[in-house]
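Working notes, structure below.
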Amino acid sequence: IYRPPSFVKYQLLSVTISSDEDSPYYSCEMELRNYKDYADFPRDQPFLVHLFDQDYQFVVDSRSLSRGMDGEGNLQNTVTISGLSPLCLKSGPRATPITKTWDTPTLASEIVTELLGANTWSLVDWMIPAYRLAADHAYPLDIAQQVVTAVGGLIESQPDGSLVCRPRWPTSIPDFDSATPDHLLTEKSIYAIT
């Protein structure tokens with residue numbers, strides 16, 4: 001892993017990176033080899049994990065340091081760092097809540113860009129009429145998710161920290177018969193099925 005701006009390299013004992021379609025974040029859980037590196041990872045510190053030729057951008061969500069002894073009386077220190085995609089900086093408790101009424105007609109994609117920054121918009125875009133969208137002490141990510149969810153979409157972080165607003169279901173059910181599948185699984189590639 002690396003930590004900007006100096007890009008110091010850290011060694012890991014283990015790392016798990018995961019994503020869930022119902023969450024806009026990638027997450028990671030890693031154990032550092034050197035317990036002295038604990039101080040280098042305060043909350044919200046950006047860091048990069050390089051794993052299998054892929055770079056993943058994170059910020060520190062939480063960290064823990066535990067000390068103990070093994071069965072032979074040797075001192076053991078365990079440092080665990082949990083990280084989330086940089087998008088977590090646009091949500092509570094890290095972001096500042098917004099109170100605003102959009103008083104001019106504005107495209108949904110423009111509102112999401114205003115709230116979250118640059119993104120790849122892969123949804124139907126529509127004009128939200130004046131005074132139809134308002135927020136009262138709401139976090140930017142929550143407002144953006146409300147806009148994106150209105151057309152059946154979701155906000156998804158990419159490994160590099162960029163954002164994609166895409167349909168939750170890329171093909172609607174009535175179009176299944178005419179759609180070209182992305183993957184075709186046959187009895188040669190399926191080992192078990194229930």
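The values are calculated or read from the model by the stated rules, or taken from the named source; none is laboratory data. Nothing here was measured: the structure is a model prediction, and the numbers come from that model. Neighbour counts run over all protein chains shown; Cβ positions are idealised from the backbone, glycine included. What goes into the accessible areas is simple: the full protein's heavy atoms, side chains included, and nothing from ligands, DNA or RNA. Shrake-Rupley method; radii C 1.70, N 1.55, O 1.52, S 1.80 Å.
The accessible area of TYR10, taken with all protein chains in place and a 1.4 Å probe, comes to roughly 20 Å².
FRET efficiency for the pair GLN45 and ASP177, taken as 1/(1 + (r/R0)^6) with r the Cβ-Cβ distance and R0 = 41 Å, rounds to 0.25.
Once each of the GluC sites (Glu not before Pro) sitting in a DSSP loop with at most 11 other beta-carbon atoms within 10 Å is removed, the chain keeps 73-186 as its longest stretch. Note on ILE173: accessible area approximately 130 square angstrom, rounded to 10, probe 1.4 Å, nucleic acids and ligands left out.
Were the residues from SER122 through ASP160 laid out at 0.36 nm apart, the gain over their Cα-Cα distance would be 11.9 nm. Legend: residues ILE17, ILE111, sorted from most to least accessible area (1.4 Å probe; ligands, DNA and RNA excluded), read ILE17, ILE111. Roughly how many Å is it from the Cα centre of region 28-89 to that of region 114-129, as a whole number? The two parts, judged by their Cα centres, are 34 Å apart. Computed from phi, the 3J(HN,Hα) profile of region 10-22 under the Karplus parametrisation 6.51, -1.76, 1.60 (θ = phi - 60°) reads 10, 9, 10, 8, 7, 8, 10, 10, 9, 9, 9, 4, 8 Hz, with x in place of Gly and Pro.
By accessible area, using a 1.4 Å probe on protein heavy atoms only, region 35-115 has 48% of its surface on carbon and sulfur.
Charges were assigned to the Cβ only: +1 to each Lys and Arg, -1 to each Asp and Glu. The resulting dipole of the chain about its Cα centre is roughly 580 debye.
Among the listed options [x] 1, 7, 15, 17, 17, 15, 12, 8, 5, 2, 1, 0, 0; [y] 1, 7, 12, 13, 11, 10, 8, 7, 6, 6, 4, 4, 3, 2, 2, 1, 1, 0, 0; [z] 1, 6, 12, 14, 13, 12, 11, 10, 8, 5, 3, 1, 1, 0, 0, the one matching P(r) over Cα pairs in 5 Å bins from 0, in percent as calculated from these coordinates is [z]. Under 5 Å from the amide H of ILE98 lie the amide H atoms of HIS137, ALA138, TYR139, each residue being 5 or more positions distant or on a separate chain, with H modelled from the backbone and absent for Pro and chain starts. Simple spin-label estimate for GLN146 and ASP22 gives 2.2 nm between the two label positions (7 Å along the Cα-to-Cβ direction from each Cα).
Rolling a 1.4 Å probe over the heavy atoms of the protein chains gives the chain an accessible area of 64 Å² per residue.
Ligands, DNA and RNA excluded, the heavy atoms of LEU48 present near 20 Å² of accessible surface to a 1.4 Å solvent probe.
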